[in-house]
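Here is the structure we will look at, set down as structure tokens.
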Protein chains: 4
Amino acid sequence: MSQTLPGTIPASLFEACADSIAETARELAALGWTPATSSNFSMRVDADHAAITVSGRHKGRLGREDIMLIDLDGHAVGTDARPSAETALHTQIYRRWPHMGAVLHTHSRTQSVASRLFASDGVIRLQGWELQKAITGYLTHESTLEIPVFPNTQHMPDLVAQVDAWLDAGKPLHAYLIDGHGIYTWGRDMAETQRHLEALEFLLGCELDLRKLRAS
Amino acid sequence: MSQTLPGTIPASLFEACADSIAETARELAALGWTPATSSNFSMRVDADHAAITVSGRHKGRLGREDIMLIDLDGHAVGTDARPSAETALHTQIYRRWPHMGAVLHTHSRTQSVASRLFASDGVIRLQGWELQKAITGYLTHESTLEIPVFPNTQHMPDLVAQVDAWLDAGKPLHAYLIDGHGIYTWGRDMAETQRHLEALEFLLGCELDLRKLRAS
Amino acid sequence: MSQTLPGTIPASLFEACADSIAETARELAALGWTPATSSNFSMRVDADHAAITVSGRHKGRLGREDIMLIDLDGHAVGTDARPSAETALHTQIYRRWPHMGAVLHTHSRTQSVASRLFASDGVIRLQGWELQKAITGYLTHESTLEIPVFPNTQHMPDLVAQVDAWLDAGKPLHAYLIDGHGIYTWGRDMAETQRHLEALEFLLGCELDLRKLRAS
Amino acid sequence: MSQTLPGTIPASLFEACADSIAETARELAALGWTPATSSNFSMRVDADHAAITVSGRHKGRLGREDIMLIDLDGHAVGTDARPSAETALHTQIYRRWPHMGAVLHTHSRTQSVASRLFASDGVIRLQGWELQKAITGYLTHESTLEIPVFPNTQHMPDLVAQVDAWLDAGKPLHAYLIDGHGIYTWGRDMAETQRHLEALEFLLGCELDLRKLRAS
């Protein structure tokens with residue numbers, strides 16, 4: 001892939017973002033959360049651009065050539081590469097929140113199963129777990145953390161509209177699941193976003209385990 | 001093992017296939033999908049030959065000497081080594097589909113358990129999972145992916161006949177399970193085949209988890 | 001982080017403790033027991049001081065600069081760094097038992113789920129497992145190992161009081177769970193403490209599995 | 001540890017056995033089958049001696065100094081080290097079967113849970129799994145593989161007597177479980193024994209999974 005950068009973006013800035021995405025992707029792939037070339041990752045480069053994974057690559061073996069520049073309408077910038085089909089879900093976050101710096105979408109078995117199980121409720125409510133405090137803004141296990149589960153669709157504008165509707169209703173949102181699919185979460189930088197993702201995977205896994213055991 | 005190649009097959013071609021098989025095998029062994037020297041792997045070399053794992057080796061430690069050449073009737077070519085007992089299931093794929101380039105057979109706990117659970121149905125039907133799209137030809141989670149489960153037998157021609165019967169009935173086939181045993185899947189090249197295998201393992205695992213949880 | 005040591009503590013002693021904590025933390029992080037910067041670890045330095053993890057760091061990547069000195073009232077010594085919020089639970093152990101040399105607090109999925117499941121009982125009773133013998137003082141699987149489960153609170157003195165009450169009642173205590181949270185365990189040195197933690201994680205996992213299976 | 005060898009045993013022979021035990025132990029420890037310094041491993045050195053793990057060491061970090069020589073009555077030879085408490089269960093195998101060359105005893109969660117679940121039956125019967133063929137002498141999935149589950153005791157002669165009683169009744173034996181404890185298996189050499197262990201862990205795991213799912 002050949003990537004030509006706009007004059008306002010130094011190569012070192014783009015490369016730092018690409019390297020951060022690739023390193024995070026390797027860690028998440030090693031955990032088994034990106035099966036069969038699924039999942040996509042992005043990082044804000046400046047007010048108007050983000051770096052995002054090129055569609056269809058193995059997430060455990062990303063190099064700089066697997067990361068491309070897009071504008072916040074999701075168009076490729078300075079490259080013929082095709083960004084992930086779900087790019088619009090990344091740019092939506094960057095457009096709505098200027099302080100958000102990274103978006104991670106993964107596809108673990110726990111995430112996929114939880115999304116199916118709670119799809120008819122449309123939401124998963126987490127309460128009583130100390131690790132809720134790993135989500136920025138949550139100060140106690142006594143809070144309730146709501147994760148919406150949106151219906152899956154191959155038509156991205158419908159998903160974008162569902163996320164907008166949730167936010168326009170004034171409800172807090174730190175992550176969402178798509179039914180049968182996976183999770184989206186974000187944060188101010190890659191470290192915070194990765195912490196959110198680890199916490200959410202852990203909390204969903206605990207909820208599923210507890211549900212199996214309480215039925216026993 | 002000593003391997004003499006026909007004049008039409010350059011050593012570099014055979015070695016590239018052998019190395020690809022060995023590398024894939026190491027990855028699958030590390031995932032625990034090849035317990036106790038089980039599983040076998042092959043790759044098409046040309047229109048009339050394939051490279052396949054020698055019987056009974058530890059799949060995490062394969063070298064070139066653990067891969068042998070066969071013709072598409074399953075006979076050893078240029079070697080005294082014994083190919084896998086299930087060679088006929090590999091050559092069947094290469095004979096029916098000239099564009100198929102690799103076959104992977106593994107033996108994960110998820111695959112074995114799913115095969116037992118769905119053996120009486122004779123088929124597993126997967127619906128509503130985004131990752132179905134990782135199987136070539138599937139464009140939406142709204143499709144149905146059918147994986148037949150054939151009865152196990154130590155008599156390979158019976159298994160070959162079951163696969164032929166399914167295909168002769170005009171049904172699509174991207175993979176099949178054998179009861180109490182494991183999975184077979186294939187693709188145009190090793191990367192596509194490995195993507196299929198990862199997706200199928202993931203989907204079977206999700207189905208089993210969901211079944212446990214829905215009973216709760 | 002800048003750490004100034006009291007004259008009575010040689011740098012080599014503090015560094016040996018810090019390195020032991022960091023190495024143990026890497027092993028526990030690799031097991032997935034410290035998700036999302038959770039968990040904290042400490043080691044006694046002398047009669048009046050301990051080394052403890054600085055709050056909020058990724059436990060798989062600790063260096064010496066992520067470990068700080070505290071006195072046994074939990075105050076930072078010779079540094080501006082902030083110790084873990086749960087420091088009081090570590091110093092309580094060192095104050096009550098002069099021969100205890102290390103405290104580990106982790107946050108595995110098994111520990112968190114077990115704590116929720118047994119919270120209403122207030123205790124988990126382990127019987128009939130050979131691995132109970134890995135806890136110092138237990139010589140046979142015929143003994144009963146009791147692990148209390150205390151209610152969670154963000155107010156540390158309440159937790160300290162609960163632990164004190166258990167001990168003041170004369171009951172043996174080698175570890176405790178906090179509801180929705182994780183486990184605390186300790187020992188004479190880091191090796192014994194790590195052995196206790198591994199054994200407890202194993203035993204809790206076995207209990208949960210057996211409960212799922214016996215309900216089947 | 002200082003090990004003095006009898007004149008009939010070359011250092012290179014003992015060292016080869018010790019290295020083989022240590023390497024196998026590292027692999028099994030990495031799988032989590034040897035929690036909290038549990039498990040023990042041995043290898044026949046000659047007609048009258050075996051090499052066995054010294055009691056209480058961390059099985060992921062064994063060196064030659066953690067392996068000692070014993071005679072087939074279980075007495076230390078040429079060393080003051082203390083062999084594993086369960087040495088009598090190893091020497092029993094070597095005494096009864098001159099062609100057996102290695103014994104592995106591990107302690108995985110699956111093994112421990114299965115032993116508790118089937119303790120009242122006294123036996124686990126495995127049928128219909130292709131991987132039964134990984135046990136030497138089993139040629140088809142249609143066979144039945146019986147694994148006895150003996151009551152646990154801290155008195156080794158009682159366990160030895162239970163194993164003898166099973167064998168004296170003329171029943172085949174390739175492995176046994178001890179209730180709440182773990183598994184023992186053996187083979188002609190280390191590779192065969194490790195293959196048996198991997199197959200048994202896999203089969204027990206499949207049985208437990210299937211039991212959970214069939215109850216759903």
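Taking the criterion of being surrounded by fewer than 17 Cβ atoms within 10 Å (Cβ to Cβ), among the small types (Gly, Ala, Ser) and in contact (Cβ under 8 Å) with a residue 12 or more places away in the chain, would at least one residue in region A:10-27 satisfy it? Break it down stepwise before answering.
Narrowing region A:10-27 to residues surrounded by fewer than 17 Cβ atoms within 10 Å (Cβ to Cβ): A:10-13, A:15-16, A:19, A:23, A:26-27.
Filter once more, so that each one left must be among the small types (Gly, Ala, Ser): A:11-12, A:16.
Within this subset, residues satisfying the condition of being in contact (Cβ under 8 Å) with a residue 12 or more places away in the chain are none.
Within region A:10-27 (the criterion being surrounded by fewer than 17 Cβ atoms within 10 Å (Cβ to Cβ), among the small types (Gly, Ala, Ser) and in contact (Cβ under 8 Å) with a residue 12 or more places away in the chain), the answer is no, since none of the residues qualifies.
Quick one: how many residues across region D:87-120 are within 20 Å of B:Arg116 (Cβ to Cβ) and not hydrophobic (A, V, I, L, M, F, W, C)?
Number satisfying all stated conditions: 1.
Does B:Arg96 satisfy being surrounded by fewer than 23 Cβ atoms within 10 Å (Cβ to Cβ), among the basic types (Lys, Arg) and under 30 Å from B:Asp168 (Cα atoms)?
Yes, satisfied.
Tell me which residues, restricted to region B:30-44, are within 14 Å of B:Asp66 (Cα to Cα) and more than 14 Å from chain D (Cβ to nearest Cβ).
Within region B:30-44, B:Phe41, B:Ser42, B:Met43 qualify.
Out of all the residues in region B:7-29, is one or more assigned to a helix (DSSP H, G or I), among the aliphatic types (A, V, I, L, M) and at positive phi? Let's see the steps before the verdict.
Filtering region B:7-29 down to residues assigned to a helix (DSSP H, G or I) leaves B:11-29.
Narrowing the set further to residues that are among the aliphatic types (A, V, I, L, M) leaves B:11, B:13, B:16, B:18, B:21-22, B:25, B:28-29.
If we keep only those that are at positive phi too, we end up with none.
Looking for residues that are assigned to a helix (DSSP H, G or I), among the aliphatic types (A, V, I, L, M) and at positive phi, one finds none in region B:7-29, hence no.
Does C:His107 fit the bill of being touching a Pro at 6+ places or on another chain (Cβ under 9 Å) and under 22 Å from C:Asp164 (Cβ atoms)?
Numbers: touching a Pro at 6+ places or on another chain (Cβ under 9 Å): yes; under 22 Å from C:Asp164 (Cβ atoms): no.
In short, no.
When C:Leu126 is evaluated against the numbered criteria (1) buried (at least 19 other Cβ atoms within 10 Å of the Cβ); (2) in contact with a strand residue (DSSP E or B) (Cβ under 6 Å, 6 or more places away or on another chain); (3) more than 14 Å from chain D (Cβ to nearest Cβ), which criterion, by number, is the only one it fails?
(3)
Given the conditions (1) within 14 Å of the chain's Cα centre (by Cα); (2) within 10 Å of another protein chain (Cβ to nearest Cβ), and given that C:Ala134 satisfies all but one, which numbered condition is not satisfied?
Among (1) within 14 Å of the chain's Cα centre (by Cα); (2) within 10 Å of another protein chain (Cβ to nearest Cβ), C:Ala134 violates only (1).
Could you go through region C:110-119 and let me know if any residue there is surrounded by fewer than 21 Cβ atoms within 10 Å (Cβ to Cβ) and over 14 Å from C:Tyr176 (Cβ atoms).
For region C:110-119, residues surrounded by fewer than 21 Cβ atoms within 10 Å (Cβ to Cβ) and over 14 Å from C:Tyr176 (Cβ atoms): absent.
D:Gly74 versus (1) modelled with pLDDT of 95 or more; (2) in a loop (DSSP other than H, G, I, E, B); (3) in contact with a Leu (Cβ under 8 Å, 6 or more places away or on another chain): which is the lone unmet condition?
D:Gly74 satisfies all of (1) modelled with pLDDT of 95 or more; (2) in a loop (DSSP other than H, G, I, E, B); (3) in contact with a Leu (Cβ under 8 Å, 6 or more places away or on another chain) except (3).
Take B:Leu104 and decide whether it is in contact with a strand residue (DSSP E or B) (Cβ under 8 Å, 6 or more places away or on another chain) and within 14 Å of chain A (Cβ to nearest Cβ).
Spelling it out, B:Leu104 is indeed in contact with a strand residue (DSSP E or B) (Cβ under 8 Å, 6 or more places away or on another chain) and within 14 Å of chain A (Cβ to nearest Cβ).
Output the residues belonging to region D:172-216 that are of a type in the set (Ser, Thr, Tyr) and at pLDDT below 95.
D:Ser216, the sole residue that qualifies.
Given the criteria touching an Asp or Glu at 6+ places or on another chain (Cβ under 8 Å), touching a residue at least 40 places away in the same chain (Cβ under 8 Å) and either assigned to a helix (DSSP H, G or I) or hydroxyl-bearing (Ser, Thr, Tyr) (or both), does B:Ser42 qualify?
So B:Ser42 fails the test.
Working only within region C:159-174, note down all residues that are surrounded by fewer than 22 Cβ atoms within 10 Å (Cβ to Cβ) and either among the hydrophobic types (A, V, I, L, M, F, W, C) or over 17 Å from the mean Cα position of the chain (by Cα) (or both).
C:Val160, C:Ala161, C:Val163, C:Ala165, C:Trp166, C:Leu167, C:Asp168, C:Ala169, C:Gly170, C:Lys171, C:Leu173
Among the candidates B:Thr136, B:Thr106, single out the residue that is modelled with pLDDT of 95 or more and either more than 29 Å from B:Pro83 (Cβ to Cβ) or not basic (Lys, Arg) (or both).
Numbers: B:Thr136 fails: modelled with pLDDT of 95 or more.
Residue meeting the stated conditions: B:Thr106.
Tally up the residues in region D:28-39 that are small (Gly, Ala, Ser), surrounded by 15 or more Cβ atoms within 10 Å (Cβ to Cβ) and in contact (Cβ under 8 Å) with a residue 24 or more places away in the chain, please.
The number of residues fulfilling the criteria is 4.
Specify which of the listed residues (D:Ala47, D:Ala88, D:Ala81, D:Ala16) is away from chain C (no Cβ under 14 Å) and in contact with a strand residue (DSSP E or B) (Cβ under 7 Å, 6 or more places away or on another chain).
Exactly one of D:Ala47, D:Ala88, D:Ala81, D:Ala16 is away from chain C (no Cβ under 14 Å) and in contact with a strand residue (DSSP E or B) (Cβ under 7 Å, 6 or more places away or on another chain), namely D:Ala81.
Return the only residue of B:Asp121, B:Asp158 being within 14 Å of chain D (Cβ to nearest Cβ), over 22 Å from D:Leu203 (Cα atoms) and either free of Cβ contacts under 8 Å to residues at least 12 places away in the same chain or in contact with an Asp or Glu (Cβ under 9 Å, 6 or more places away or on another chain) (or both).
B:Asp158
Does D:Val149 count as outside any strand (DSSP E or B), away from every other protein chain (no Cβ under 11 Å) and touching a helix residue (DSSP H, G or I) at 6+ places or on another chain (Cβ under 9 Å)?
Details: outside any strand (DSSP E or B): no; away from every other protein chain (no Cβ under 11 Å): yes; touching a helix residue (DSSP H, G or I) at 6+ places or on another chain (Cβ under 9 Å): yes.
No; evaluated as a whole, the condition is false for this residue.
Please verify whether D:Glu27 is over 20 Å from D:Thr87 (Cβ atoms) and within 14 Å of another protein chain (Cβ to nearest Cβ), treating the condition exactly as stated.
yes
Step by step: first the residues of region B:46-71, then only those that are in a loop (DSSP other than H, G, I, E, B) and of a type in the set (A, V, I, L, M), then the one that is surrounded by the most Cβ atoms within 10 Å (Cβ to Cβ). Which residue is that?
If we take residues in region B:46-71 being in a loop (DSSP other than H, G, I, E, B) and of a type in the set (A, V, I, L, M), then B:Leu62 is surrounded by the most Cβ atoms within 10 Å (Cβ to Cβ).
Could you please find all residues in region A:145-197 being of a type in the set (Lys, Arg) and farther than 14 Å from A:Ile93 by Cβ?
The answer is A:Lys171, A:Arg195.
What are the pairs with Cβ atoms under 8 angstrom where one residue, in region D:70-86, is over 19 Å from D:Ser38 (Cα atoms) and the other, located anywhere, is polar (S, T, N, Q) and part of a loop (DSSP other than H, G, I, E, B)? Sequence gap at least six, or different chains.
D:Gly78/D:Gln3; D:Gly78/D:Thr4; D:Thr79/D:Ser2; D:Thr79/D:Gln3; D:Thr79/D:Thr4; D:Asp80/D:Ser2
Suppose the filter is assigned to a helix (DSSP H, G or I) and under 30 Å from C:Arg214 (Cβ atoms); does A:Leu200 pass it? Talk me through it step by step, then tell me what you get.
On the way: assigned to a helix (DSSP H, G or I): yes; under 30 Å from C:Arg214 (Cβ atoms): no.
Here the answer is no, as A:Leu200 does not meet what is asked.
Tell me which residues, restricted to region A:142-170, are touching a strand residue (DSSP E or B) at 6+ places or on another chain (Cβ under 8 Å) and of a type in the set (A, V, I, L, M, F, W, C).
Result: A:Leu145, A:Ile147, A:Val149, A:Phe150, A:Leu159, A:Val163, A:Trp166.
Residues in region C:85-100: is at least one modelled with pLDDT under 95 and within 26 Å of C:Gly60 (Cα to Cα)?
The initial filter retains those residues of region C:85-100 that are modelled with pLDDT under 95, namely C:85-86.
Restricting the remaining residues to those that are within 26 Å of C:Gly60 (Cα to Cα) gives C:85-86.
Yes, the conditions are met somewhere in region C:85-100.
Can you tell me how many residues within region B:167-210 are at the interface with another protein chain (Cβ under 7 Å from one of its Cβ atoms), within 15 Å of B:Thr110 (Cα to Cα), charged (D, E, K, R) and in contact (Cβ under 8 Å) with a residue 60 or more places away in the chain?
Qualifying residue count, region B:167-210: 1.
I need the full set of residues from region B:32-44 which are in contact with a strand residue (DSSP E or B) (Cβ under 9 Å, 6 or more places away or on another chain) and of a type in the set (Val, Ile, Thr), in order please.
Within region B:32-44, just B:Thr34 meets the criteria.
The values are calculated or read from the model by the stated rules, or taken from the named source; none is laboratory data. All of these numbers come straight from a predicted model, not from anything done at the bench. Methodologically, a virtual Cβ is constructed for each residue, glycine included, from the backbone with ideal geometry; neighbour enumeration extends over all protein chains shown.
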